Structures are given as C-alpha cells and as structure tokens.
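Read the structure below first, then the notes.
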Amino acid sequence: MNERLNLIGAITAHVIFISSIITFSSRMIFKISTGHWIGIPILLMIFPLIYLLAKAPGSDRPFIYYLQIGLMLVWLIVLFLVDYILRVDFRQTQWMVISYVMLYFAGAGGMIGIASLAGRTWTISSIILFLIAAILAFVQRAVTGI
C-alpha cells in the first residue's frame, strides 16, 4: 500500500514540475500568456493530492507529509481561484506576486519530499526538475514581466 502511495506521490510531483516547466517555457518562447489550457494538468493534480492526504492516516505518515501536501493544495486552490474563477490580474502587484511565488515554492519544495518517499531515483529527478522550474520561473518573469 505505501509503495503505491509513494509512486502516486512521485508521479504527481513530476507532473507538477513538468507542467511548470512547460508553462514558464511557453511564456518565454511565445512572449504571450499561454492561456489557461496549459495549466489544466497542474490543476488536475489536486485529485491525487487529496487522495494521498485521505490515505495518509492509514499509512502512518509524519506531520511534515501533511504539511507538504497541504501547501501544494493551498497553492493549487489559490491558482484556481485567482486565474480561473476570479481572473485577478495580480502579477503586476509586487506583494501579491511575492506571496504567490513563495506559496508555489513552498508547495513545490514539499513535493520533492513527497517524491523522495518513492526512492532515490525519484528524489534526484524531482530535485533536477524543481531546479529547472525554479530557474525558468525567474527567467520567465524577467523576460516577460508576467
């Protein structure tokens, strides 16, 4: 049971990182907002994260596990609310951007911990993908301003 949950967590983390990389790269390459459709895979990760959270008590997970998943869920909810429901143009307000980015990196960093439960290979690949996404996030912001 734990091995299956660990694999679901690792795959979820990788989808989040790869979706982030695609989003940041698309914004830089095309120099435009890529549209909401590109964010759908990352938003869909709310379902495996909720599943992992629901199964956590039966898997004897430590508190940090709940915190890691919880931070990513909060970021996904904020993303959904501000980008898809309320359509708030917050990316030009510095304090909002900083708060949003901090929440993203807290959640994404936690996903490294979730992926690490599946083994060393998953850990290394998630760290590499996280670093690529982190670099692209800042480069994309400098290039596009969004």
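The values are calculated or read from the model by the stated rules, or taken from the named source; none is laboratory data. Source: prediction; values computed, not measured. As a convention, Cβ positions derive from the backbone with ideal geometry for all residues, glycine included, and neighbour counts pool all protein chains shown. Accessible surface areas use protein heavy atoms only, side chains included; no ligands, DNA or RNA. Shrake-Rupley method; radii C 1.70, N 1.55, O 1.52, S 1.80 Å.
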Task: With Cα atoms, 0 to 90° folded angle of helix 46-55 axis to the chain main axis - done: 20 degrees
Open item on the list: Against the empirical 2.2 N^0.38 Å scaling, what ratio does the C-alpha Rg of region 5-113 come to?
Closed with: 1.10
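Counting only C-alpha contacts under 8 Å and six or more residues apart, can you give the relative contact order of the chain as a whole percent?
39 percent
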Open item on the list: Just to verify a number: what accessible area does PHE63 come out at with the full protein assembly present, 1.4 Å probe, Å² rounded to tens?
Closed with: 150 Å²
Open item on the list: Show me, for region 95-100, the HN-Hα J-couplings you get by feeding each phi into the Karplus relation (A = 6.51, B = -1.76, C = 1.60, θ = phi - 60°), rounded to Hz, glycine and proline as x.
Closed with: 5, 5, 4, 4, 4, 5
Open item on the list: Give me the extension gain from SER26 to ASN2: residue separation times 0.36 nm, minus the current Cα-Cα distance, reported in nm with one decimal.
Closed with: 5.1 nm
Open item on the list: 7 Å from Cα along Cα→Cβ at both ALA142 and ASP89: what's the point-to-point distance in nm?
Closed with: 2.6 nm
Task: Calculated [θ] (222 nm, deg cm²/dmol) that DSSP helices of n ≥ 4 give over the chain, each run adding -39,500 (n - 2.57) - done: -25500 deg cm²/dmol
Task: Computed magnitude of the charge dipole of region 1-128 (debye, nearest 20; Cβ of K, R +1, Cβ of D, E -1) - done: 140 debye
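If you count only protein heavy atoms with a 1.4 Å probe, what accessible area per residue comes out for region 1-100, rounded to a whole Å²? The partial results should precede the final answer.
Working: 5700 Å² over 100 residues.
Per residue, region 1-100 has 57 Å² of solvent-accessible surface.
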TODO: Heavy atoms only, probe 1.4 Å: what % of the accessible area of the chain goes to carbon and sulfur, would you let me know?
DONE: 74 percent
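Quick check: net charge around PHE90, other residues with Cβ under 15 Å of its Cβ, Lys/Arg +1 and Asp/Glu -1?
Surrounding charge for PHE90 is +1.
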Task: Span from the region 82-114 Cα centroid across to the region 119-146 one, whole angstrom - done: 15 Å
